[in-house]
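The values are calculated or read from the model by the stated rules, or taken from the named source; none is laboratory data. What you see is a predicted model; the values in this text were computed from it and never measured. Cβ sites come from the backbone with ideal geometry, for glycine too, and all protein chains shown count toward neighbours.
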């Protein structure tokens, strides 16, 4: 697999390899008007390939409905892929095999976007954390107290919050509980699915600071998912851009943000909110959605040409940077 | 108000003037002060931003202006809200309803909850047209109504508006629903539009579209707007003036360009510092520590002092008044006091 060799920095080993991942959902009715590829099925993710390296944060950015959360859920075994390979620490996961899925869940922790919906309202923080240990078959009663206190301190929660119910905690504190639950058993990969989207900017900043400290203290590898480019560029080392289920660009975060190659990435970066009055009037265009044939972005792309009638492969457009766009047909193609 | 709609004045007086508004809520835990001495003046055609964390009272202020807070539990202790020369606080329910819709419109954050789930877009918009028709005593044929709906949806850049008209709220995406909510409000041609967290939860792309559309609407029709948001970057894009709220109080106000270039109040400074800047190698964010205070148990003195990075002894006991820092800019901080 040349892509594997090219994308990864040679000195880092992969924690997770995602190769040609396709996740399909059956749609009721006519398949909706967002995804019209195939009859009554929706490819929430199509042919996505990326690798999370040891100790790095891989960012996945994209609009609502681009398939970011679907990928997150596959990685904790909540959805089963239709095609493709997921490898965790070199072990290929067979999603039909219970022990494989258990292995995946033991080693991958997840924090969901909605702090209210993801914590059981009838359990105290102590019991929420205990459940995580029971699930991982790691509950040692003598050790429980010590581990709980340790993790609470690490994620920045007061000791007293252990006796609190989720409703007694603020949004930021709830996300910290989710984080503690994900990390109370050491994990190989932490999946963060929009962990700060529901929080105020000031609380978001505090949680981001905690995450960065935790990452360096515990040498965590993370998959960070958000639509907020300011956040993802602050948090990730490598960045993948999703558009309606297609990974259109992957590369080092700095390069993808500063020199985006795919026209969609360029557009996305131009839309990043800055702390200033928008002086230039941007023309607001109608939302046309993905193209059913050829390049998925060809319906909206200003640089569209004949070639775009065929789906583009990934081209190597810079050091470790890849874009699925025919504009780079002279670069080396993958697959 | 002979024609049943708020009369329009000569334009010299501000469209909205709030003065010394102080409001309490009666709760099971006793009385809670939710707004304390709020004064603001909004000129015609302006876009004004109200920024603050959750619980700072920004939505309450929006609801107070449009008169949607029931009394009890809410009680206005002092102050006045003058909209286009009319004192809103003296009006009863039927008097207020003259001003809602064509006078003051409001768009809420949760588009899913704001739209009736069993109504198609068509019927939702028809309700608004009905309000406009009654207010302006218009004769509208069905075709004229439909054209109006299609026009407004096209203006809001919804693809295939005739299809959207036949959809129920659950069949639409968040950005589309939010635009339907906005369409419902603007179809009534309000002179003041209050937008409560209309872009929260939407991704950047959709957010920018909505902000762009609002700005365009403001330029084309001169609609005055109040944008309520916790996100300073959102507010800074389209607002002329910003108000920063904390614990039911105004902390700072000023022209957007001045306020974001040189925020005077430590709280505004911290809010700005909380916006992620730079890449993974950038230093930790100098965000404000702690969380917004429980409005039932506010600290003494300046309400921000427990989280303030430049707190002084005086701040712990005395609440600072509003000091003018430069023309049009005010800050409620002892540091802004000119000796």
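Remarks
- Within segment A:87-103, being closer than 17 Å to residue A:222 by Cα and touching a strand residue (DSSP E or B) at 6+ places or on another chain (Cβ under 6 Å) holds for A:87, A:88.
- Answer residue from segment B:298-315, given it is over 19 Å from residue B:286 (Cβ atoms) and touching a residue at least 40 places away in the same chain (Cβ under 8 Å) and is surrounded by the fewest Cβ atoms within 10 Å (Cβ to Cβ) among those: B:298
- One residue stands out among those in segment B:266-285 that are facing chain A (nearest Cβ under 10 Å), in contact (Cβ under 8 Å) with a residue 40 or more places away in the chain and assigned to a helix (DSSP H, G or I): the one that is farthest from residue A:200 (Cα to Cα), which is B:267.
- When the criteria are applied in full, residue A:139 meets the requirement of being in contact with a helix residue (DSSP H, G or I) (Cβ under 6 Å, 6 or more places away or on another chain), more than 14 Å from every other protein chain (Cβ to nearest Cβ) and either under 21 Å from residue B:292 (Cβ atoms) or not in a helix (DSSP H, G or I) (or both).
- Pairing each residue of segment B:154-172 that is more than 12 Å from every other protein chain (Cβ to nearest Cβ) and within 14 Å of residue B:124 (Cα to Cα) with any residue that is in a helix (DSSP H, G or I) and modelled with pLDDT of 85 or more, provided the two are 6+ apart or on different chains, yields C-beta distances under 6 Å for B:165/B:121; B:165/B:122; B:169/B:177.
Per-residue answers, yes or no, for (1) at pLDDT below 85; (2) more than 22 Å from residue B:221 (Cα to Cα); (3) outside any helix (DSSP H, G or I):
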| residue | (1), (2), (3) |
| --- | --- |
| B:117 | no, yes, yes |
| B:124 | no, yes, no |
| B:127 | no, no, no |
| B:130 | no, no, no |
| B:134 | yes, no, no |
| B:143 | no, yes, no |
| B:149 | no, no, no |
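- Residue A:168 being out of contact with any helix residue (DSSP H, G or I) (no Cβ under 9 Å at 6 or more places or on another chain), over 21 Å from residue A:257 (Cα atoms), surrounded by fewer than 20 Cβ atoms within 10 Å (Cβ to Cβ) and free of Cβ contacts under 8 Å to residues at least 12 places away in the same chain: no
- When segment A:152-165 is filtered for residues that are in a helix (DSSP H, G or I), surrounded by 15 or more Cβ atoms within 10 Å (Cβ to Cβ) and more than 14 Å from chain B (Cβ to nearest Cβ), the ones remaining, listed by number, are A:152, A:154, A:155, A:162.
- In segment B:110-130, residue farthest from the chain's Cα centre (by Cα) [restricted to those that are farther than 21 Å from residue B:140 by Cβ and crowded, with 19+ Cβ neighbours inside 10 Å]: B:115
- Within segment A:301-316, if we keep just the residues that are touching a helix residue (DSSP H, G or I) at 6+ places or on another chain (Cβ under 8 Å) and farther than 23 Å from residue A:20 by Cβ, the residue that is surrounded by the most Cβ atoms within 10 Å (Cβ to Cβ) turns out to be A:301.
- Tallying residues that are out of contact with any strand residue (DSSP E or B) (no Cβ under 6 Å at 6 or more places or on another chain), touching a residue at least 40 places away in the same chain (Cβ under 8 Å) and surrounded by 19 or more Cβ atoms within 10 Å (Cβ to Cβ) within segment A:317-326 yields 1.
- Close pairs from segment B:88-102: first within 16 Å of residue B:194 (Cα to Cα), partner part of a loop (DSSP other than H, G, I, E, B) and at pLDDT 80 or above, Cβ under 7 Å, at least 6 apart: B:88/B:67; B:96/B:67; B:101/B:188; B:101/B:190; B:102/B:188; B:102/B:189; B:102/B:190
Okay, residues lined up against (1) under 20 Å from residue A:201 (Cα atoms); (2) assigned to a loop (DSSP other than H, G, I, E, B); (3) touching a strand residue (DSSP E or B) at 6+ places or on another chain (Cβ under 9 Å); (4) within 14 Å of another protein chain (Cβ to nearest Cβ):
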| residue | (1), (2), (3), (4) |
| --- | --- |
| B:287 | yes, yes, no, yes |
| B:292 | yes, yes, yes, yes |
| B:298 | no, yes, yes, no |
| B:330 | no, no, yes, no |
